[in-house]
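The values are calculated or read from the model by the stated rules, or taken from the named source; none is laboratory data. Model, not experiment: these values are computed from the prediction. Note: ideal-geometry Cβ built from the backbone for every residue, glycine included; neighbour counts use all protein chains shown. Calculation scope for accessible area: heavy atoms of the full protein, side chains included, ligands and nucleic acids excluded. Shrake-Rupley method; radii C 1.70, N 1.55, O 1.52, S 1.80 Å.
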Amino acid sequence: MKRHRSLRKILIVVCCIIFCSSGWQLLQYHYETKTSKEEFESVGAIAFKDENNNGGIIKRKEEKDQREKEFKYQELKEKNEDSSGWITIEDTNIDYPVMYRKGDNEFYLNHNFQKEHSITGTPFIDGAWNSKSRKDNLIIYAHHMKDGSMFADLMKYEDSKYYEKHKQITFYIKNKKCTYEIFAVCRVSAENE
């Protein structure tokens with residue numbers, strides 16, 4: 001009987017530790033994703049300043065349609081030399097800076113724009129990309145976060161109706177605005193095979 005009570009107490013303590021640890025990890029995840037969103041918004045304010053408003057900042061969501069404004073590539077480059085552009089897709093959460101480190105496909109998986117550790121990471125161009133060649137495909141990596149951030153909205157393209165209404169991706173690369181039309185959508189494994 002005493003043995004069962006001791007075992008039960010140990011089991012309760014272990015369960016409480018697991019519960020508290022899990023709760024702490026969930027809070028930490030929520031905090032980091034919220035902080036990451038705020039950081040991306042502040043980087044966006046640098047990337048797209050409104051020149052018609054004496055340097056005032058364009059409000060990201062409300063005035064996103066007015067993005068016929070100038071992309072401030074050089075200002076981003078001054079903040080982080082790995083800056084290569086900005087990707088945005090209308091009516092999605094995809095609105096992020098895009099980084100590039102030659103030969104490196106690991107760093108921005110878990111680092112933010114300021115090069116600090118971050119669970120969300122920052123979208124980045126494949127390290128094998130040759131910026132001088134116009135023949136190469138451009139591969140941009142980012143996480144699919146459970147909170148709907150980063151590239152999670154790409155899953156909406158599995159719905160053909162959504163695809164028909166959202167066929168364009170805008171990618172500002174260096175000092176140039178490029179608009180791409182999506183012609184195919186497929187799901188691939190992230191595992192090396």
Exercise. Quick one: how many residues across the stretch 113-123 are at pLDDT below 90 and touching a Ser or Thr at 6+ places or on another chain (Cβ under 8 Å)?
Worked result: 3
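Being open to solvent by 30 Å² or more (accessible area, probe 1.4 Å) and under 19 Å from the mean Cα position of the chain (by Cα) is the filter; apply it to the stretch 156-169 and report the residue that is nearest to MET99 (Cα to Cα).
ILE169
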For this session: Take ILE17 and decide whether it is exposed (fewer than 13 other Cβ atoms within 10 Å of the Cβ) and either at pLDDT 85 or above or of a type in the set (Val, Ile, Thr) (or both).
Result: yes
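Could you tell me which residue of the stretch 20-45 is least open to solvent (accessible area, probe 1.4 Å), considering only residues that are over 30 Å from LEU76 (Cβ atoms) and not hydroxyl-bearing (Ser, Thr, Tyr)?
Among them, the one singled out is GLY23.
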Seminar exercise, completed: Residues of the stretch 70-87 being basic (Lys, Arg) and in a helix (DSSP H, G or I), in sequence order, are LYS77, LYS79
Exercise. Residues of the stretch 15-45 being over 16 Å from ASN110 (Cβ atoms) and among the charged types (D, E, K, R), which ones?
Worked result: LYS34, LYS37, GLU38, GLU41
For this session: Identify, from the list LYS177, LYS161, LYS146, the residue that is of a type in the set (D, E, K, R) and assigned to a helix (DSSP H, G or I).
Result: LYS161
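Checking the condition in contact with a Gly (Cβ under 9 Å, 6 or more places away or on another chain) and either surrounded by 18 or more Cβ atoms within 10 Å (Cβ to Cβ) or on the phi > 0 side of the Ramachandran plot (or both), which residue from LEU76, LEU109 passes?
Values: LEU109 fails: either surrounded by 18 or more Cβ atoms within 10 Å (Cβ to Cβ) or on the phi > 0 side of the Ramachandran plot (or both).
LEU76 is the lone residue from the list that is in contact with a Gly (Cβ under 9 Å, 6 or more places away or on another chain) and either surrounded by 18 or more Cβ atoms within 10 Å (Cβ to Cβ) or on the phi > 0 side of the Ramachandran plot (or both).
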